[in-house]
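Report on the following structure.
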Amino acid sequence: MFRNDAQCVGEAFRRGATRREVINRLIAAGMSVAAAGTVASFAETAHAQTARRGGRIKVALSQTSTADTLDPARGLNPTDQSRHFMFYNGLTVLDETLSPQLALAEEITPSDRATMWHVKLRRDVRFHDGSPLTSADVVYSLRRHKDPAVGSGARSLAEPIQEITATGAHELRIRLSEPNADLPALLGLTGFLIVKDGTTDFRTANGTGPYKCAEFRPGVRSIAVRNNEYFKPSKPHLDEIELFGIADEPARVNALLSGDVHMINNVNPRSAQRIISTPNVSLFETKGGAYIDLVIRLDRAPGSNPDFVLAVKHMFNREQIRRAVYRNYAVIGNDQPIDPTNRFFDPTLPQRPYDPERARFHLQRSGFANQTFPIVVSPAAGNSEEMAQLLQQTALQIGCNFNLQRVPADGYWSNHWMKHPIGFGGTNGKPTADIQFSILFKSGAPYNESGWANERFDRLLVQARSETDDAKRREMYAEMQRLVHEGSGCCIPVFASNLDAHVRQLKGLVPIPTGGMMGYNFAENIWLDQ
């Protein structure tokens, strides 16, 4: 049975148990010594902090547009995801170790080699309109992803779900087409947050989340007010959160330093020192699998020529990008999406070097030498212009000209991302290697940035998801990393830390590797120490 060990540990600490006693209890329950120590440390830290109730804050995020949505199935960017975590809950929620913890679910139990999952729901949860949460709401929410008309970004992840059946008012059964031991983690993603049965109008939000939607104006702002009937009695801590966008990063930083806002996201590393040196604000770093990548579409020229793609990949001076662009808030990438913190990262994959001569060779062989190609850059894809400028300098040395086309952040992800032969994309870290590969590299996936398709990769993806032997699974994921490294049109020079900043009175933040601002689930966890 899937259990909320961190919650149990927190209760043990509140009852006065010592750290040693808690670890012994977890070991007795079947947890390893290392894992028990990690969970105990987390609970002990959380217990040591006392949250204060009350206060209003303003949060300025980097991305907003008229395409903003209150539909969690269709959220694309951190602003949408932050908003959705305010108003909705999932069956699970991911903690700072990317372990899924129970949320709306009271129990999740696998059977039949993890092809069948039995879910029991909490009975003390109500939607904002006062109606109780039932299995019908969960069945409806999960089935929506199968409907092409919904346009769910999680549709590819939901494909293996063959049947969702209510077996009682607060119980349901999920049957998969193949085993997936990662299902509880998948259910913690924002796309799988639960909406009320039958909901089709998302002009407002009727969720179960810690805040109620008092105002939603796409491209302008959202106002969230405390849900006093929230099923977690100690949360949320704040009275109100106003969420809006400031696309320009210097303007965002200035708004924080001047006291106009309490928290901002997507801080450029060049601003880090300025923030660190300011007494009343703090920099918040989250390491993980986030990256901004140069995307070369393989379904059109020049990306349809493999030599051109290889030429560009060898033009990237990754160490220079890490040092000069990210101010060392990054680790070197290797044109595949699994970062070194992931347990399935393959350190034996040879690092693709910065090699202008090899780039020249492939460029000449591609037949595209001495031509000019546009690269679309935008503040929405953080540091894309700086990386493109470095690439432009190298390209000029070997007979290739890149013309930077700058477009505004507003509407970038809906109007430009994946719609040009060469441009920039990116992603936050994902909780599992399977999800990272499924969303971004599986053939036909909606966010397969370069349009890459590889039958061997697709077969391995299914096999690895079904494999319970970690050693065999590691071999499969290693081969998949090699296939992406060699064949995809995504150039991933570094894995960047997510940098956010906030006033020092704002407390409760812990890094969640799926993204900045606690994987954008900051709303129910933070408070003002005032």
Tell me the net charge near Gln393. Cut-off is 14 Å between Cβ atoms, Gln393 excluded, with +1 for each Lys or Arg and -1 for each Asp or Glu. -2
What are the lysines whose alpha-carbon lies under 18 Å from the alpha-carbon of Lys430, with same-chain residues fewer than 8 places away excluded? Lys287, Lys442
The helix 19-28 Cα axis meets the longest alpha-carbon principal axis of the chain at an angle in degrees, between 0 and 90 and rounded to 10, of 80
Within the set of other residues whose C-beta is less than 12 Å from the C-beta of Ile292, count the net charge using Lys and Arg as +1 and Asp and Glu as -1. -4
Taking the Cβ-Cβ separation of Glu479 and Gln351 as r and a Förster radius of 25 Å, what is the calculated FRET efficiency to the nearest 0.05? 0.90
Quick one: give the max-minus-min coordinate of the C-alpha atoms of the range 197-255 along each principal axis, largest first, in Å. 40, 31, 13
Just report the Cα centroid separation between the range 428-451 and the range 274-344, whole Å. 16
Within the P(r) computed for the range 187-337, what percentage of the Cα pairs occupies the region above 20 Å? 69
Ranked output for segments 359-371, 439-451 by mean other Cβ atoms within 10 Å, highest leading, reads 439-451, 359-371
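Of all GluC sites (Glu not before Pro) in the range 228-266, which ones are in loop regions per DSSP and have a Cβ with at most 16 other Cβ atoms within 10 Å?
Glu229
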The chain - share of DSSP beta bridges that are antiparallel (%, nearest 5): 80
Please give the FRET efficiency for Gln530 paired with Asp260, using the beta carbon to beta carbon distance and R0 = 25 Å, rounded to the nearest 0.05. 0.90
Estimated dipole of the chain in Debye, rounded to 20 [Cβ of Lys and Arg +1, of Asp and Glu -1, Cα centre]: 540
Mind checking which lysines have their Cα closer than 16 Å to the Cα of Lys507? Skip sequence neighbours fewer than 8 apart in that chain. Lys58, Lys235
For the chain, what does the accessible surface come to per residue with a 1.4 Å probe? Please give it in Å². 40
Residue by residue through the range 395-404, what is 3J(HN,Hα) from phi via Karplus (6.51 cos²θ - 1.76 cosθ + 1.60, θ = phi - 60°)? Round to whole Hz and write x for glycine and proline. 4, 4, 6, 10, x, 9, 10, 9, 9, 6
Long-range amide H contacts for Leu238: which residues qualify at under 5 Å (H placed 1.01 Å from N, peptide plane, sequence gap of 5 or more or a different chain)? Gly54
Column: log10 I(q)/I(0), Debye, Cα scatterers of the range 262-335, q = 0.15, 0.16, 0.27 Å⁻¹: -0.67, -0.73, -1.28
Stretched fully, the stretch from Thr97 through Asp239 gains (0.36 nm per residue minus C-alpha distance, one decimal, in nm) 48.3 nm
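Can you give the net charge of the other residues whose Cβ lies under 12 Å from the Cβ of Pro421, counting K and R as +1 and D and E as -1?
Taking every other residue near Pro421 into account, the sum is +2.
Return the FRET efficiency for the residue pair Phe361, Glu319: r is the Cβ-Cβ distance, R0 is 30 Å, and the value is rounded to the nearest 0.05. It would help to have the intermediate numbers written out before the result.
Working: r = 22 Å, r/R0 = 0.72.
E between Phe361 and Glu319, to the nearest 0.05, is 0.90.
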Carbon + sulfur, % of accessible area of the chain - ligands and nucleic acids excluded, 1.4 Å: 49
Could you check the simple spin-label distance between Val150 and Arg327, using points 7 Å along Cα→Cβ, in nm with one decimal? 4.1
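Any idea what % of Cα-Cα pairs in the range 124-276 are farther than 23 Å?
I get 53 percent for the Cα pairs in the range 124-276 exceeding 23 Å.
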Please state the relative contact order of the chain as a whole percent: Cα pairs under 8 Å, 6+ residues apart? 20
One would report the antiparallel percent of DSSP beta bridges in the range 365-522, rounded to the nearest 5, as 10
Between Gln393 and Gln371, what is the label-point separation in nm under the 7 Å Cα-to-beta-carbon projection? 2.7
Figure the gain on full extension for Thr165 and Gln273 (residue separation times 0.36 nm, minus the Cα-Cα span) and round it to one decimal in nm. 33.6 nm
Taking amide H positions as placed in the peptide plane 1.01 Å from N, state which residues far from Gly333 in sequence (5 or more) or on other chains have amide H under 5 Å from it. Val494, Phe495
Which values of log₁₀ I(q)/I(0), to two decimal places, follow from the Debye formula for the chain at q = 0.06, 0.12 Å⁻¹ with a uniform point scatterer at every Cα? -0.28, -1.20
Taking the alpha-carbon distance from Lys120 and a cut-off under 21 Å, which lysines remain once sequence neighbours fewer than 8 residues away in the same chain are dropped? Lys196, Lys232
Hey, can you rank 333-339, 266-272 by average C-beta count inside 10 Å, highest first? 333-339, 266-272
Among 495-501, 56-62, 455-461, how do they line up from the highest to the lowest mean number of other beta-carbon atoms within 10 Å? 495-501, 56-62, 455-461
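The values are calculated or read from the model by the stated rules, or taken from the named source; none is laboratory data. Remember, predicted model here, so these are calculated numbers, not experimental data. Ideal geometry is used to build each Cβ from the backbone, glycine not excepted, and the neighbour counts take in all protein chains shown. Just so you know, the surface numbers come from the protein's heavy atoms only, side chains and all, with ligands and any DNA or RNA stripped out. Shrake-Rupley method; radii C 1.70, N 1.55, O 1.52, S 1.80 Å.
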